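Here the structure is laid out as C-alpha cells; the discussion comes afterwards.
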Amino acid sequence: MHKIETKNVNFFYGENHALHDISLAMKANTITALIGPSGCGKSTYLRLLNRMNDLIDGTRLEGEILIDGENIYDKNTNAYDLRKNVGMVFQKPNPFPKSIFENVAYGLKVNGITDKAVIEERVHTSIQQVALWDEVKDKLKKSAFELSGGQQQRLCIARALAVQPSVLLMDEPTSALDPISTSKIEELLFELKNKYTIVIVTHNMQQAARASDNTAFFYMGRLIEMDKTKTIFTKPNQKQTEDYITGRFG
C-alpha cells in the first residue's frame, strides 16, 4: 500500500483552477521531490497533504487524498490530528521566541503531554535526530534566535519530529540557507527517511537530484510526469520535463 496517494485531485482558489487532475502515489520511507517553475502548483499540492489550504477562504478540492489508505478530507477526519501525523517545515526557519528546549517541547505540551520525563526524552531525541545535539546541548535554555539560520532550520525540523509524525512535508527548506547548512539538511534527509515519508518542494535541481528517490515535475498546475529521480534527470519521458531540467525554460 502507498503511504500517500492522491487521486484525480483538482483544486480551486475561488475561480482560479490551481491544480488539474493530479494523481500521484508515494511509498513509505521514500523522499519525493516536487519540482517546476514558480507558481506551478507545487506548494499548493504540498499544503493539501496536511490540509493547510483549509485555512484559506474560498478554496475547493475535488478528488481524493489518502494517507495510509484513509481519505484525509473525509468529514470524520480531525484536521488537528492529521497535522500531528503530517509535520511541516517551511522555507524560512520560524522558531518561536522561546528557548531551544521550549521550541521543541511546544508541540508536545499543546498535545496535552505533561509528563516532564517524557517531554525531556522526546526533546533530546528530536534534537539528536537532526544532528544538532552537540551544538546546543549546553544551551538548551538559551533563545532559539541565538542559533544560526541553518541551526534554526534543523531546530524547526526537530520541533516537527517531536510529536512523532509519520510524514514530513518540506517547502523549500534550504532556500534561505548557505551551502554548508544546505548539505547538512540534505544529509539529514537520508537519515530521516528510515523513519518518515518525506515530500520536499525544491527549486534547486541539484538538490532534487541528490536528495530524492522520486521526482515529480509540475507545470501550470498539472503533473507532467513522475518517476525515479535518476530517470527524470537522465531520460525523462516528456519533452517539457527535459526542457525544464536542461534550463531551456522556467
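The values are calculated or read from the model by the stated rules, or taken from the named source; none is laboratory data. Since the structure is predicted, the reported quantities are computational estimates derived from the model, not experimental observations. Using ideal geometry, Cβ is built from the backbone for each residue, glycine included, and neighbour counts are taken over all protein chains shown.
Of the residues S99, S23, which is hydroxyl-bearing (S, T, Y), within 18 Å of V130 (Cβ to Cβ) and modelled with pLDDT of 95 or more?
Details: S23 fails: within 18 Å of V130 (Cβ to Cβ).
Answer to the selection: S99.
Filter segment 102-128 for residues that are among the hydrophobic types (A, V, I, L, M, F, W, C), at pLDDT 95 or above and surrounded by fewer than 17 Cβ atoms within 10 Å (Cβ to Cβ); which is nearest to T197 (Cα to Cα)? First the steps, then the outcome.
The first filter runs over segment 102-128 and keeps only residues among the hydrophobic types (A, V, I, L, M, F, W, C), leaving 104-105, 108, 110, 113, 117-119, 123, 127.
Subsequent filtering for residues that are at pLDDT 95 or above retains 104-105, 117-119, 123, 127.
Still in the list and also surrounded by fewer than 17 Cβ atoms within 10 Å (Cβ to Cβ): 117-118.
Working: A117: 28, V118: 24 Å.
For segment 102-128, the residue satisfying everything is V118.
The set of residues in segment 106-126 that are over 18 Å from K139 (Cα atoms) and over 24 Å from the mean Cα position of the chain (by Cα) comprises G112, I113, T114, D115, K116, A117, V118.
When Y45 is tested against the conditions (1) free of Cβ contacts under 8 Å to residues at least 24 places away in the same chain; (2) within 13 Å of the chain's Cα centre (by Cα), the lone failure is (1).
Scanning segment 48-68 for residues that are within 30 Å of F233 (Cα to Cα) and either within 15 Å of the chain's Cα centre (by Cα) or modelled with pLDDT under 95 (or both) turns up L48, L49, N50, I67. Listed here are the helices (runs of 4 or more DSSP H) enclosed by segment 177-240 that have at least 3 residues being without any contact (Cβ under 8 Å) to a residue 60 or more places away in the chain and hydroxyl-bearing (S, T, Y): 179-192. Mind checking which pairs have a first residue in segment 61-82 that is on the phi > 0 side of the Ramachandran plot and a second that is loosely packed, with under 15 Cβ neighbours inside 10 Å and in a strand (DSSP E or B), Cβ under 6 Å, 6 or more apart or different chains? If the second residue must be loosely packed, with under 15 Cβ neighbours inside 10 Å and in a strand (DSSP E or B), the pairs left are G63/K7; G63/N8. Which of the residues spanning segment 1-30 are of a type in the set (S, T, N, Q) and touching a residue at least 12 places away in the same chain (Cβ under 8 Å)? T6, N8, N10, S23, N29, T30 - these are the residues of segment 1-30 that are of a type in the set (S, T, N, Q) and touching a residue at least 12 places away in the same chain (Cβ under 8 Å).
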